[in-house]
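First comes the structure, then the notes that go with it.
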């Protein structure tokens, strides 16, 4: 599917090329308008855009480095005390 604005044609393949720039707000106003007009007439590209956004979100979540909660001091003390009681080989 493609559409024309001021003589500019944008195909579904080109939509794929510009998705990241679109989501990052980096497309110039004219290209953004063409992009959004294409989305209004192409449900497949809307679906692709939504899937892309979900993939990026999941990727960020998967790569997040949550720090584990601190180990309570009484637990550290108990482990160290138990290690001292173990026979040494």
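Any read-out appearing in this document is the output of simple, stated calculations on the displayed coordinates, not a laboratory observation. If you're wondering where the values come from, they're calculated on a predicted model, not measured in any experiment. As a convention, Cβ positions derive from the backbone with ideal geometry for all residues, glycine included, and neighbour counts pool all protein chains shown.
Taking the beta-carbon count within 10 Å as an exposure proxy, list 15, 79 from fewest neighbours to most.
79, 15
Using only Cα atoms, tell me the angle between helix 12-23 and the longest principal axis of the chain; keep it within 0 to 90° and round to the nearest 10.
That helix lies at roughly 50 degrees to the long axis.
Let me have the 222 nm mean residue ellipticity of the chain computed from DSSP H runs of 4+ only, each contributing -39500 (n - 2.57), with the sum over all residues rounded to the nearest 500.
-21500 deg cm²/dmol
Remind me, what semi-axes does segment 42-89 give for its equivalent ellipsoid, largest first in whole Å, using sqrt of 5 times each Cα gyration tensor eigenvalue?
In descending order the semi-axes read 52, 11, 6 Å.
Once the Cα atoms of helix 43-63 and of the chain are each reduced to a long axis, what angle between those two axes, in degrees from 0 to 90 to the nearest 10, is obtained?
Compared with the principal axis, the helix lies near 20 degrees.
Which value in Å does the Kirkwood hydrodynamic radius of segment 2-85 take, with 1/r averaged over all unlike C-alpha pairs and then inverted?
Evaluated on segment 2-85, it is 16.4 Å.
In degrees between 0 and 90, to the nearest 10, how far off the longest principal axis of the chain does helix 73-85 point, with axes built from Cα atoms?
Value to nearest ten degrees: 50.
Given a 10 angstrom Cα cut-off, can you work out which residue in 27, 75, 49 is the most mobile in a GNM of the chain?
Ranking 27, 75, 49 by mean-square fluctuation puts 75 first.
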